[in-house]
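Only the coordinates and a few stated rules stand behind these numbers; no lab work does. Quick caveat, the model's predicted, so the values are computed rather than measured. Glycine also receives a Cβ, built like all others from the backbone with ideal geometry; neighbour counts cover every protein chain displayed.
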Amino acid sequence: MTSLPAFGLQSDRVDANGLLNSLDSTLDIVPPHHFCTLNPLDRHIHPSATSWLKRLIDIVGALVGLAIVAIIAIPIAIAIQLDSSGPIFYSQMRCGLNGRPFRMWKFRSMVVGAEKLKHTVRNQAQGHIFKNKNDPRVTAVGRFLRCTSLDEVPQFWNVLKGDMSLVGTRPPTVGEVEKYHPYHWERLNVKPGITGEWQVNGRSQIQDFEEVVRMDLAYQQKWSILYDITLILRTFGAVLDRSSAC
């Protein structure tokens, strides 16, 4: 009888529970009751979410971004594997426009099983975000990827699919949204973005969730196609200034 250890199976008999458990640990599948709830205030969607021109810019930007990913993926994959065995990519359920759930992709920057170790790490941020400047779960290669924002480039796939935009709000986790007060939902009136106000105004230096909310609401008030382009251009400078991300 041939054994298939990767999925906890045997060739002539499928262990359904073993298969589901294995897939769950590999893909970070979230049970249905942990999915994002839709916006309880049923607010109107921000005009940026329905702008055809913004969507066109997203598609073009995502295609360019994915072309870059195709070039850098192999050396990044090799570096990740040499530093820490496990999958190259990491995915997590996030809450998008009006709380709609989607699976967000990144290059893995933490040890395998990092989410299960989260309770052992002190949260240095205030409110419904989690940050620790010296998070021990981050690998050596992962720290470099985060400092250069290279860990986030797989999110161009999310942009192409329409789950995200090039510019928007920081995509919150399911656990964060479960703790939201009603006015926090205002930030989800736009699509989450690869970059945004938080990216060009401090990134990891921002430790207060309420400040993130203020930035997100300010973005909605100032939004225009020209303002999006301005934020995209400013993002390059923010990425080069690695002190804001590390």
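What does the charge count near residue 145 come to, summing +1 for each Lys or Arg and -1 for each Asp or Glu among other residues with Cβ under 11 Å from its Cβ?
In short, +1.
For residue 96, what residues show an amide H to amide H distance below 5 Å, using hydrogens built from the backbone and excluding near sequence neighbours?
Result for residue 96 returns 102.
Determine the dipole magnitude for the stretch 101-188: charges of +1 sit on the beta-carbon of Lys and Arg, -1 on that of Asp and Glu, nothing else is charged, the reference point is the Cα centre, and the result goes in debye to the nearest 20.
300 debye
Would you please give the FRET efficiency between residue 66 and residue 227, computed as 1/(1 + (r/R0)^6) with r the Cβ-Cβ distance and R0 = 35 Å, to the nearest 0.05?
Efficiency at R0 = 35 Å is approximately 0.90.
Note down the nm distance, to one decimal, between modelled labels 7 Å out along Cα→Cβ at residue 210 and at residue 44.
Label-label distance for residue 210 and residue 44, simple model: 2.9 nm.
If you plug each phi of the stretch 87-104 into the Karplus form 6.51 cos²θ - 1.76 cosθ + 1.60 with θ = phi - 60°, what whole-Hz ³J(HN,Hα) values come out, in order, with x for Gly and Pro?
For the stretch 87-104, the Karplus curve yields x, 6, 9, 10, 10, 8, 6, 10, 9, x, 3, 6, x, 5, x, 8, 9, 9 Hz.
For each of 227, 90, count neighbouring Cβ atoms within 10 Å of the residue's Cβ, then give the residues from fewest to most.
The most exposed by this proxy come first: 227, 90.
If packing is taken as the average number of other Cβ atoms within 10 Å across a peptide's residues, how do 64-73, 115-124, 137-146, 48-57 rank, most packed first?
137-146, 48-57, 64-73, 115-124
Would you pull out the residues with amide H under 5 Å of residue 169's amide H, same chain only if 5 or more places away, H placed 1.01 Å from N?
It is 193, by chain and number.
Label residue 132 and residue 100 with points 7 Å out from Cα along Cα→Cβ: what is the distance between them in nm?
So the label points at residue 132 and residue 100 sit 3.5 nm apart.
Rounded, prolate or oblate: which one fits the stretch 35-244, using the alpha carbon gyration tensor with axes a ≥ b ≥ c (rounded when a/c is under 1.5, else prolate when a/b beats b/c, else oblate)?
oblate
Quick check on the exposure proxy: order 150, 97, 160, 82 from fewest to most C-beta atoms within 10 angstrom.
82, 160, 150, 97
Name the residues whose placed amide hydrogens come within less than 5 Å of the amide hydrogen of residue 139, ignoring near sequence neighbours (fewer than 5 apart) on the same chain.
The answer is 110, 111.
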